[in-house]
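First comes the structure, then the notes that go with it.
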Amino acid sequence: MMTTQFSRFIHLTTTRVMMGASKSNLAKLRKKTGYPFGNCKKALEVNNNDLEKAEKWLEDQAKALGWSKAMKMESRNTPQGLVGIAWDKQYAAMVEVNCETDFVSKNDRFQKLVDIVARTCLHHSKTDNPSPKSISKVMLEGEEMGKLLAADQQSLSDHVVKNIAMVGERLVLRRAALVSAQPSLQLSALTHPVTGASANNTSFLGKYGAVLIYSSASRDDRTASLAKQLCQHVIGMNPTKIEPSPDDPAPAPVKPVERERAVGTGDGEEEEGETVEPGGGEEETVMMRQTFLLDADRTVADVVAEGNIKVEDFVRFECGEGLNPESEEVAAKVAQAGG
C-alpha cells in the first residue's frame with residue numbers, strides 16, 4: 001500500500017514538473033517568436049517540448065504558409081508601406097517595403113521587418129564597399145534585396161513570407177538605395193513622419209526619407225543640425241537636382257506662398273515651413289534656387305553659403321510613389337487648397 005502511494009506521488013510530482021516546464025517554454029516561445037498561442041502550443045507538442053526544435057518548426061510552417069499566400073496575392077496592389085533608413089558614419093541604406101493597407105504599415109511586426117531590411121542592406125553596403133573612395137549610390141530592386149541574408153542567416157525573402165503568413169497581406173520589397181562616401185564627406189538622414197521609434201527598431205522609419213551627402217570644414221552640432229534641415233527640405237520640396245545645368249533657361253520668377261506644411265526633424269518635434277506655389281519655374285526642381293522650406297526669406301543657396309556647407313548629392317524616397325495613381329492628384333488638391 002505504501003509502495004503504491006509513493007509511486008502515485010512520484011507520478012503526480014513528475015507530471016506537475018513537466019506541465020510547469022511546458023508552460024514556461026510556451027511563454028518563452030510566444031515571447032521570442034510572436035506567433036499565436038495556439039501555434040506555439042502545437043509546436044511544443046509536436047517537438048516534445050523542445051524549444052529549439054519548436055521554433056524551427058514554427059519558422060518552417062510560417063514559410064510554407066507565407067509562400068502559399070504570397071502566390072495567391074500576387075495580383076494585389078501594395079500602395080502603402082514604409083521607408084526605412086539605417087545609417088552608420090559613411091554609409092546609409094534607404095529602403096522601401098510595401099503593403100496593402102496603412103493599418104499594416106502601423107503594425108509592430110511590419111515595422112520590425114522594415115528595420116531588418118534596412119539594417120541588412122546597410123551591412124551589405126559596408127561589406128561590398130569597405131573603403132569608399134568617392135560617392136557611391138547603388139540602387140537595388142526587390143529581387144536583389146530578397147537574396148540578401150539577414151543577421152539570422154535567413155534571406156530577406158524568407159523574412160517577408162513569414163510576415164505575410166502573420167499579417168495576411170501581400171508584402172513587397174520594392175527598392176533600396178545604398179549610399180556611401182569617402183571620409184572627407186559627411187552624411188545626414190531623415191524620415192517623416194517619425195514612425196515606430198523603439199528600442200527594437202534602430203532604423204529611421206516613415207512615409208518619406210532623404211539621405212544627404214555634404215561637405216563642410218566643420219563637424220560640429222550646428223553643421224549637423226543644418227544638414228538635418230536640408231534633409232527636411234529635400235523631403236518637403238522634392239528637388240530633382242542640386243544646381244541648374246548650363247543649358248537651362250533662366251527661371252521665371254515665382255512668388256512664395258504660405259502653406260501649412262510640417263516636416264519632422266527626427267526628434268519628435270515638427271517645424272512649419274513655406275513652399276513655392278506650384279505651376280512652373282526652375283525653383284521647383286533645382287534645390288539651390290528653391291525657397292528654403294524653413295525660411296521663406298532665403299533660398300537654399302543663401303542658407304548653405306551662410307552655413308559654410310556644400311550639398312554634394314542626395315536621395316529621396318516617397319513611399320508608394322509611382323504605385324498609386326491618386327497620390328499626385330491628392331497632392332495637387334492640397335497645393336490648390338494652400339493657395
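The values are calculated or read from the model by the stated rules, or taken from the named source; none is laboratory data. Note that the structure is predicted; figures quoted are calculated from it, not measured. Every residue, glycine as well, gets a Cβ built from its backbone with ideal geometry; the counts of neighbours run over all protein chains shown. Side chains are part of the model used for accessible areas, which takes the heavy atoms of the whole protein and leaves out ligands, DNA and RNA. Shrake-Rupley method; radii C 1.70, N 1.55, O 1.52, S 1.80 Å.
So which residues in the stretch 135-151 are in a strand (DSSP E or B), exposed (fewer than 13 other Cβ atoms within 10 Å of the Cβ) and not hydrophobic (A, V, I, L, M, F, W, C), if there are any at all?
The one that is in a strand (DSSP E or B), exposed (fewer than 13 other Cβ atoms within 10 Å of the Cβ) and not hydrophobic (A, V, I, L, M, F, W, C): GLU141.
Could you list all residues from the stretch 116-132 that are polar (S, T, N, Q), in contact with a strand residue (DSSP E or B) (Cβ under 7 Å, 6 or more places away or on another chain) and outside any helix (DSSP H, G or I)?
ASN129 - this is the single residue of the stretch 116-132 that is polar (S, T, N, Q), in contact with a strand residue (DSSP E or B) (Cβ under 7 Å, 6 or more places away or on another chain) and outside any helix (DSSP H, G or I).
Which ones in the stretch 189-227 are open to solvent by 20 Å² or more (accessible area, probe 1.4 Å), within 29 Å of ARG109 (Cβ to Cβ) and not in a loop (DSSP other than H, G, I, E, B)?
Hits for the stretch 189-227 are HIS192, PHE204, TYR208.
Give the number of residues within the stretch 81-91 that are part of a strand (DSSP E or B) and open to solvent by 50 Å² or more (accessible area, probe 1.4 Å).
2
Which is in a helix (DSSP H, G or I) and within 21 Å of the chain's Cα centre (by Cα), of LYS112, LYS53?
On inspection, the qualifying residue turns out to be LYS112.
Keeping to the stretch 152-188, report how many residues are under 20 Å from MET73 (Cα atoms) and assigned to a loop (DSSP other than H, G, I, E, B).
4
Go through GLN182, GLN232, GLN186 for me and flag whichever is surrounded by 22 or more Cβ atoms within 10 Å (Cβ to Cβ) and either over 20 Å from ARG119 (Cβ atoms) or modelled with pLDDT under 95 (or both).
GLN232
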